[in-house]
Amino acid sequence: LHRVDRRQRQMCIRDRASSVGCSEKENNPSGGTYMGDFSAPKLDTVRIALIGVGARGSGHAKQLASIEGTQIVAISDVYEDLVDRSVGYCKAIGNGRHADIARYFGNENAWKKMLSEVKPDAVFIATNWRNHAPMAIETMMQGAHAFVEVPIAVTLDEMWKIVDTSEQTQKHCMMMENVNYGREELLYLNLCRQGIIGEILHAEAAYIHELRFQMEEQERGTGSWRTQHYAERNGNLYPTHGLGPVAQYMNLGRGEDQFNTLVSFSSPARGRKAYAEKNYTADHKWNALEYTGGDMNTSIIKTTLGKTVMIQWDETSPRPYTRHNLVQGTKGILAGYPIRVALEGGVEGATDSHHRWAQGEQLEGLYNKYEHPMYKRLGALATKMGGHGGMDFMMLYRIIECLRSGSPIDQNVYEGCLWSAVSPLSEASVAQGGTPQKFPDFTRNQWQNTQPLNIIF
């Protein structure tokens, strides 16, 4: 039975892969407005609703409530206790701004009622992956901007629907890739923009983070729904934390270059099955799963200009955390974990050639000279407010800042879809023995007219 089910899943993946490229959709405009550099009308006060206030969403609620110009107007979750917890957080923080928060809970569709009754300006979505697309789409159709956790969607069809809805409604839909706001990532973005490493030819990105302990969350929480994804899907299921920053370093999808094709391979699946057998009884539901998703997935993207990006994903193997965050140029290299730099001729005040890394205290001069202006402005506050070292707060602060000023958001809807598309494309490539998969052009060939992300002050 397991062998039959596995063959059926692989056939479904191949069927989905047969439409990769989506030329029919690329040649069929949505009838709306291109959202690459879109600016929405200014909002003096951003009326905010949240869907999903578990571990991730409750953090968003607290931080959004603390930002000037926000009003938390509604919170929805299946569980009443989670709604009450975040309502309490917001009321305690807002100096009276968040005194009247509507509460929605008790069933899977409470969020729909919230959208129709409250009519917020912006909705922050932090639910399980399969709910991201339908919630984001309905949010925009109800007249609000959608800000959704990673990935933006699970399938290519969902991503096209998100793009079309955003264009037709002229509402932002941003995937909240928080790592783009990390101090190291912002420094590297500035160094790349300043031409310090020359022409960028190659990058490496990863999300390697051993998370088997989440399998303890069996009724509520991340592990209760992610474990099934890990068991049933074989590819890179979580690409964007590593890919988002390097894509912006390289201006991928923004005027200069674009994703073209992807090949993907997975290692054998061993770790999850072994963990389940070791920690749970033979009749436990985790031991009833057939774990088909490889422990390590390695994918390589080739861009239209022939540049390469390697992406790895592993949430199973026992090893230290890393995102790689490596970018190679004709004049040098920037790399992460630990942060280190090598430049042709050496790093001023630290090294005398590219054969040695500058790292640790040796990078103080580089930070002094090239610290990202936005981090100079917000870094101390972001560090105090927390959230993955402050990157969460800086991301949310920037979203509100853009909405209040009527500026384009830092990550447009097409980037969210392009970065998330790695997952279904990698699944298709793995199922076909590493066959190259063509990226859809969600911009319908308008990416060439989209401005690269500015160095924000």
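Near E315, within a Cβ-to-Cβ distance under 13 Å, what is the net charge of the other residues, with Lys and Arg +1 and Asp and Glu -1? List each step's numbers first, then the result.
Numbers: positive: R212, R226, R233, R272, R319, R323; negative: E210, D295, D314.
So the surrounding residues net to +3.
Separation of segment 287-324 and segment 169-202 by C-alpha centroid, Å?
Each part's Cα centre sits 21 Å from the other's.
Quick check: net charge around L403, other residues with Cβ under 13 Å of its Cβ, Lys/Arg +1 and Asp/Glu -1? Please list the in-between numbers first.
Working: positive: K42, R47, K171, R398, R404; negative: D44, E68, D121, E401, D410.
Result for the neighbourhood of L403: 0.
Can you give me the Rg/Rh ratio for segment 210-339, using Cα atoms for both radii and the Kirkwood formula for Rh? Intermediate results must be reported in sequence, preceding the final value.
Values: Rg = 17.4 Å, Rh = 16.5 Å.
Checking Rg against Rh, the ratio lands at 1.06.
Which GluC sites (Glu not before Pro) from segment 359-457 combine a DSSP loop assignment with at most 15 other Cβ atoms within 10 Å? Mind showing how you got there, number by number?
On the way: sites: E361, E364, E371, E401, E415, E427; in loops: E371.
Those that pass, being in a loop and sparsely packed, are E371.
Could you give the Stokes-Einstein D for segment 94-185 in µm² per second, using the C-alpha Kirkwood radius, 25 °C, 0.890 mPa s?
D, rounded to a whole number, is 173 µm²/s.
Indicate the gyration tensor shape class of segment 333-456 (rounded, prolate or oblate), computed on the Cα atoms with a ≥ b ≥ c the square roots of the eigenvalues: a/c under 1.5 is rounded; otherwise a/b larger than b/c is prolate and the rest oblate. If you can, show how the numbers build up before the last one.
On the way: a/c = 2.06, a/b = 1.24, b/c = 1.66.
Oblate is the answer for segment 333-456, as a/c is 1.5 or above yet b/c matches or exceeds a/b.
Which value, in Å² and to the nearest 10, is the accessible area of K285 when all protein chains are kept and the probe is 1.4 Å?
80 Å²
Enumerate the amide H contacts of N236 below 5 Å, restricted to partners 5 or more residues apart or on another chain; note that Pro and chain-start residues carry no placed amide H.
Sorted by chain and number, the residues that satisfy this are S426, E427.
Throw me the Rg/Rh for the chain, computed over C-alpha atoms with Kirkwood Rh, two decimals.
Taking Rg over the Kirkwood Rh, I get 0.96.
Over the chain, what percent of the accessible surface lies on carbon and sulfur atoms, probe 1.4 Å? Mind showing how you got there, number by number?
Numbers: 9180 of 18870 Å².
Here it works out to 49 percent.
What does the charge count near S266 come to, summing +1 for each Lys or Arg and -1 for each Asp or Glu among other residues with Cβ under 11 Å from its Cβ? Write down the numbers at each step before the final one.
Working: positive: R233; negative: D295, D314, E427.
Once all neighbours under 11 Å are counted, the net charge is -2.
For segment 265-282, what does the Karplus curve 6.51 cos²θ - 1.76 cosθ + 1.60, with θ = phi - 60°, yield as ³J(HN,Hα) per residue in whole Hz, taken in order and with x for Gly and Pro?
In residue order, the calculated couplings are 9, 10, 6, x, 8, 10, x, 5, 4, 5, 5, 5, 5, 6, 10, 10, 5, 4 Hz.
What list of ³J(HN,Hα) values in whole Hz, one per residue of segment 159-167 in order, does the Karplus curve 6.51 cos²θ - 1.76 cosθ + 1.60 (θ = phi - 60°) give from phi, with Gly and Pro shown as x?
5, 4, 5, 5, 4, 4, 5, 4, 5
I'd like the accessible area for Y238: 1.4 Å probe, protein heavy atoms, all chains in place, Å² to the nearest 10.
Accessible area of Y238: about 20 Å².
If you look at just the Cα atoms of segment 135-183, how large are its Rg and its Dmax in Å?
When restricted to Cα atoms, segment 135-183 yields Rg and Dmax of 11.2, 35 Å.
Per DSSP helix of 4 or more residues, -39500 (n - 2.57); summed, then divided by the residues of the chain. What does that give at 222 nm, rounded to the nearest 500? Intermediate values should be presented prior to the final figure.
Numbers: 16 runs with 175 residues, N = 457.
Here the helix-only value at 222 nm equals -11500 deg cm²/dmol.
Under a cut-off of 16 Å between alpha-carbon atoms, report the aspartates and glutamates in cross-link reach of K331, not counting same-chain residues fewer than 8 places apart.
Of all the aspartates and glutamates, those that pass the test against K331 - Cα under 16 Å, at least 8 places apart if same chain - are E199, E344, E348, D352.
Give me the accessible area per residue for the chain, probe 1.4 Å, as a whole number in Å².
Working: 18870 Å² over 457 residues.
Value for the chain: 41 Å² per residue.
Quick check: pseudo-label points 7 Å beyond the Cα along Cα→Cβ at T33 and A110, how many nm apart are they?
3.5 nm
Return the lysines within reach of K273: Cα separation strictly under 29 angstrom, same-chain partners fewer than 8 residues apart disregarded; answer none if there are no such residues.
K285
Distance check, please: which entries in K25/K113; K307/K438; K62/K161; K42/K119 exceed 23 angstrom between their Cα atoms?
Working: K25/K113 31 Å; K307/K438 15 Å; K62/K161 31 Å; K42/K119 17 Å.
Pairs exceeding the cut-off: K25/K113; K62/K161.
Please report the relative contact order for segment 154-313, taking Cα pairs under 8 Å with a sequence separation of at least 6, and give it as a percent rounded to a whole number. Mind showing how you got there, number by number?
Values: 207 pairs, mean separation 43.1, N = 160.
After rounding, I find 27 percent.
The values are calculated or read from the model by the stated rules, or taken from the named source; none is laboratory data. This structure is a prediction, so every number in the text was calculated from the model and none was measured. Every residue, glycine among them, receives a Cβ derived from its backbone with ideal geometry; neighbour counts consider all protein chains shown. For the accessible areas, the whole protein counts, side chains as well, though only heavy atoms, and no ligand, DNA or RNA atoms are used. Shrake-Rupley method; radii C 1.70, N 1.55, O 1.52, S 1.80 Å.
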